[in-house]
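Read through the structure below, which is laid out as structure tokens, and then see the notes.
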Amino acid sequence: MNHYTIAVLGGDGIGPEVVAEGLKVLRAVETQLKSVHFTFEHCSVGAGEYLKNGDPLPASTLARMQACDAILLGAMGLPSVRWPTGVEMTPQIDIREKLDLYNGVRPIKLYHETHSPLKGFGGAGGKPIDFVIIRENCEGLFSERLTPRPAGRDFETDTMKITRRGAERICREAFKLARSRRKHCTLVDKANVLPSMAVLRKIFDEVAAEFPDVQTDRV
Amino acid sequence: MALFLVHCPHAFDAMVTENMFGDILSDLAAGLIGGMGMAPSADLGDDYGLFQPSCGAAPTVAGPGIANPIATILSVAMMLAWLDHPETIRGARLIERAVGTMLADPAHRAVDLGGKTSATRMGDPVCAALSGKSCASLFPCFPPLPHVPPPMLHGAISSMDAISAVGKSSAASRVPKPTSKTAR
């Protein structure tokens, strides 16, 4: 028997509703799998948890999540619950950074032509929409978001940080994904304006050389 | 890039980008396929994997059961694929096929897609559709789809290069030197 423990974080707003449907489907598919069993470890996180206990992501909860085989999250954050700086609580971003979840995989697939506002896509005669955005999750413009800022300034800045390690590993994941699909990888940057993006493009080109079978674009 | 995603989304396969750009383009891309309720996600590291719908908390629609759970159900499929056991991978395929079967019937359209199916009823037809056979791809470990040639994309890029050439500056040469002013 293969036993998997799933940390289940319903979170805020519609999170618990949609997670309940996801678990319903997971239980249904479990009955069709040979020797696979799931246990759910429910954890309280998010703005609601902050209002109850003063911390949207308690360290003990994070530790419980790390002990599980995978984490299923609904949603976190409420516009009405904010830090003194005015920004919303975003423990989902904190989790990415604390667990170093650098590889944000966002599949985009059109299932039915009536779902898209575009004409001519999906269905029997339409063009398919089936691509995956690989989003770097742990640096970029979010990198210094938690850095304390001097008080009393009449301006504020955020820093776009691209490190060699961060850029190499995310580009490599994108190329590995492309290789398993239609072997086409597009870099989305602003290398014509921003030096940080020029570095990202340089490293993308270096990694591309490791994957000569994958076609590339830079947009 | 935002323009190309609207004009020729079929031309793309894998795309990689920075954190904030990825945030923005994920929203745009979800809009192409029915909204945030249709877009699953995985946040993966070398040691851990977190799976969540792209929908956000959406507190204004919480409660009456009108939220679309498809993205969450597809995120569960991604989780099963990531667990990387032959049986969990098969489970991922079963779920995606069941979602495809269920969505082929307009009667099962969520409220955010103009339908009337509530969140609390939408998992049921997916469960009902769960049985046997293989399905199309969702995640890297699934079989690749046929290649879609991207002529529109390449054509568009060529024309942009032509425009920048008018200013005697190719895209590459517009990268600022380290010593030059970088603010624009």
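Here the condition is being buried (at least 23 other Cβ atoms within 10 Å of the Cβ) and more than 29 Å from B:Ala129 (Cα to Cα); of A:Pro58, A:Pro91, it holds for A:Pro91 alone.
Restricting attention to region A:104-130, the residues being part of a loop (DSSP other than H, G, I, E, B) and not polar (S, T, N, Q) number 14.
Residues in region A:164-217 that are outside any helix (DSSP H, G or I) and among the β-branched types (Val, Ile, Thr): A:Thr186, A:Val188, A:Val193, A:Val214, A:Thr216. Filtering region A:10-34 to residues that are under 21 Å from the mean Cα position of the chain (by Cα), assigned to a helix (DSSP H, G or I) and more than 7 Å from chain B (Cβ to nearest Cβ) leaves A:Pro16, A:Ala20, A:Leu23.
Among the residues of region B:58-100, those that are part of a loop (DSSP other than H, G, I, E, B) and closer than 21 Å to B:Ile33 by Cβ comprise B:Ala58, B:Ile66, B:Ala67, B:Asn68, B:Pro69.
Confirm whether B:Ala14 is more than 22 Å from A:His37 (Cβ to Cβ), crowded, with 20+ Cβ neighbours inside 10 Å and modelled with pLDDT of 95 or more. Answer is yes for this residue. Number of residues in region B:56-77 that are among the hydrophobic types (A, V, I, L, M, F, W, C) and touching a Ser or Thr at 6+ places or on another chain (Cβ under 8 Å) equals 2.
Restricting attention to region A:20-36 and to residues that are under 14 Å from B:Arg90 (Cα atoms) and in contact (Cβ under 8 Å) with a residue 12 or more places away in the chain, the residue that is surrounded by the fewest Cβ atoms within 10 Å (Cβ to Cβ) turns out to be A:Ser35. Taking the criterion of being in contact with a strand residue (DSSP E or B) (Cβ under 6 Å, 6 or more places away or on another chain) and within 7 Å of chain B (Cβ to nearest Cβ), the only residue of region A:139-156 that qualifies is A:Glu139. When region B:82-110 is filtered for residues that are more than 9 Å from every other protein chain (Cβ to nearest Cβ) and either of a type in the set (Val, Ile, Thr) or touching a Lys or Arg at 6+ places or on another chain (Cβ under 8 Å) (or both), the ones remaining, listed by number, are B:Ile89, B:Arg97, B:Thr101.
For A:Leu101, the criteria (1) touching a residue at least 24 places away in the same chain (Cβ under 8 Å); (2) in a loop (DSSP other than H, G, I, E, B); (3) farther than 27 Å from A:Ala174 by Cβ hold in every case but one, which is (3). Scanning region A:94-138 for residues that are out of contact with any helix residue (DSSP H, G or I) (no Cβ under 9 Å at 6 or more places or on another chain) and facing another protein chain (nearest Cβ under 9 Å) returns A:Arg96, A:Asp100. The numbered conditions (1) crowded, with 24+ Cβ neighbours inside 10 Å; (2) hydrophobic (A, V, I, L, M, F, W, C); (3) closer than 20 Å to A:Glu173 by Cα are all true for B:Leu25 except (1).
The values are calculated or read from the model by the stated rules, or taken from the named source; none is laboratory data. Source: prediction; values computed, not measured. Heads up, the Cβs are rebuilt from the backbone with ideal geometry, glycines too, and the neighbour counts pull from every protein chain shown.
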